Amino acid sequence: MGLSYLGIFHTVIGVIAIIAGLVSLFKSAKIDLKSWSGKIYFNFTLVASLTALGLSSVKGVNPGHILALFIVILIVAAYYLFAKKPGNNRSRFFENFFLSFSFFLSLLPTVNETFTRVPVGHPLASGPQDPLIAKTILILFILFIGGSILQYRKQRRMC
């Protein structure tokens, strides 16, 4: 697979973040920063995104770095809304959307890296342009849109 120590650390932290996000989504229908899984998602996503800045197969800033910075902005903004604007109000709509969108964006490089590396020696996809990756991302996008609509409707009932 050819991963550096930073790459291995980033991968492990990122996988834990995604698992924690899934646990929170299945338990609460949102990434709940009050829950242990939500806290793990936030902290591990922050670390995974920051460590992604040290990973690159090309010199200079690349789209992966921009994506990582955008994810950091989303989760920090969500945390700010969580900490500074408590209660069931409009801030929850943005907090939930920011966290869900950060989760979806985290899955983009995850799908690409997984499908182009696994199984070792005979990966599922030949590269980022492979139709399997595009179809998988489309399915994830549809799930994200559907989940966001459900979150919005549930949150609206609470306000």
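Taken together, the values in this text are just the output of simple stated rules run on the coordinates, not laboratory data. Keep in mind that this is a model prediction, so the values were computed, not measured. For neighbour counting, all protein chains shown are included, and Cβ atoms are generated from backbone atoms with ideal geometry for every residue, glycine included.
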Original post:
Can you give the net charge of the other residues whose Cβ lies under 14 Å from the Cβ of ILE75, counting K and R as +1 and D and E as -1?
Top reply: 0
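Count neighbours as other Cβ atoms within 10 Å of each site's Cβ, and list the trypsin sites (Lys or Arg not before Pro) in the stretch 1-40 that are DSSP loop with at most 16 such neighbours. Spell out each step's value before the answer.
Numbers: sites: LYS27, LYS30, LYS34, LYS39; in loops: LYS30, LYS34.
Qualifying residues, ordered by number: LYS34.
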Original post:
Regarding the stretch 5-158, what is the average projected area of its C-alpha convex hull, in nm²?
Top reply: 9.5 nm²
Original post:
Between the stretch 106-128 and the stretch 7-46, what's the alpha-carbon centroid distance in Å?
Top reply: 21 Å
**OP:** With a 10 Å radius around each residue's Cβ, average the other Cβ atoms per peptide and rank 95-103, 6-14, 58-66, highest first.
**Re:** 95-103, 6-14, 58-66
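Of the chymotrypsin sites (Phe, Trp or Tyr not before Pro) in the stretch 108-149, which ones lie in a loop per DSSP and count no more than 14 other C-beta atoms within 10 Å? Walk me through the numbers on the way to the answer.
Working: sites: PHE115, PHE141, PHE144; in loops: none.
Passing both the DSSP loop test and the Cβ count: no residue.
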Subject >> 29 Å Cα-Cα threshold exceeded, pairs from LYS39/LYS135; LYS59/LYS84; LYS27/LYS135; LYS39/LYS154; LYS34/LYS59; LYS84/LYS135 >> reply: LYS39/LYS135; LYS59/LYS84; LYS34/LYS59; LYS84/LYS135
Subject >> Mean separation of Cα contacts under 8 Å, 6 or more apart, over the residue count of the stretch 33-132: relative contact order % >> reply: 18 percent
**OP:** Give the span of the stretch 52-125's Cα atoms along each principal axis, as three whole-Å numbers ordered largest to smallest.
**Re:** 51, 27, 13
**OP:** Determine ³J(HN,Hα), in whole Hz, for all residues of the stretch 5-22 in sequence, where each value follows from phi through the Karplus function 6.51 cos²θ - 1.76 cosθ + 1.60 and θ = phi - 60°; x replaces Gly and Pro.
**Re:** 4, 5, x, 5, 4, 4, 5, 4, 4, x, 5, 4, 4, 5, 4, 4, x, 4
